[in-house]
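The structure appears right after this line, and notes come after that.
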Amino acid sequence: MASHATHPGTRQRIMFDEALPVDHRLNRVYRIGAGLMGLFLLAFGILGLTNNIGFFDTGGNTAIGLNTNGALSVLSICVGVLLFVGMVIGGNFASTLNMVLGVLFILNGFLFLGLLDTGSNFLAFRIQNVLFSFVVGIVLMVFGMYGRVSTNLPHDNPYWRARHPDAEQRAVTSGDQVR
């Protein structure tokens with residue numbers, strides 16, 4: 001059962017604060033998630049490029065146990081840098097970036113699962129790459145959604161407050177504090 005109900009026919013858009021307070025504990029989670037995944041993707045991309053393989057070569061070159069080619073290495077470096085930018089910025093940007101990239105990694109896993117052993121597999125994916133894409137996608141989504149998506153968020157959570165503006169208003173009028 002939902003803790004609050006919307007009226008049929010009305011659609012409200014929830015507006016979140018632009019940024020979490022700098023010292024908010026959720027900010028640390030988003031930054032750690034983006035940084036760890038970015039670091040791994042950077043290492044994978046750099047190691048893939050140092051093997052001097054062709055840009056669209058599908059010959060079976062590996063780096064860190066995953067199949068790679070020049071295009072996948074460059075793409076990994078770009079996504080790794082993007083995740084590092086998210087780590088530096090932090091806050092809602094890092095959370096949203098983690099969630100979006102997580103979904104894209106999962107969709108990429110499904111796409112290349114269908115392209116395995118075909119001529120259209122231009123990023124040289126093998127099954128280990130597909131599984132890696134699924135795992136990274138889930139991990140990024142968990143890091144991005146942590147403290148943001150749940151049915152029992154604490155009342156001091158900024159996302160809970162954004163979803164329940166009437167609770168703060170009632171607390172102000174009755175003299176109580178929102179916990």
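The values are calculated or read from the model by the stated rules, or taken from the named source; none is laboratory data. If you're wondering where the values come from, they're calculated on a predicted model, not measured in any experiment. As a convention, Cβ positions derive from the backbone with ideal geometry for all residues, glycine included, and neighbour counts pool all protein chains shown. When the accessible area is computed, the model is the full protein with side chains, heavy atoms only, and any ligands, DNA or RNA have been set aside. Shrake-Rupley method; radii C 1.70, N 1.55, O 1.52, S 1.80 Å.
Quick notes on this one:
- Placed amide H near Ala63: partners under 5 Å, 5+ positions off or other chain: Thr68
- R0 of 22 Å, Cβ-Cβ distance Ile46-Tyr146: FRET efficiency to nearest 0.05: 0.20
- Projected label points at Val103 and Arg161, each 7 Å from Cα along the beta carbon direction, are separated by 2.7 nanometres.
- When the surface is traced with a 1.4 Å probe over the full set of protein chains, Tyr146 keeps roughly 130 Å² accessible.
- Working from label points 7 Å from Cα in the Cα-to-Cβ sense, the Cys78 to Ile64 distance is 1.8 nm.
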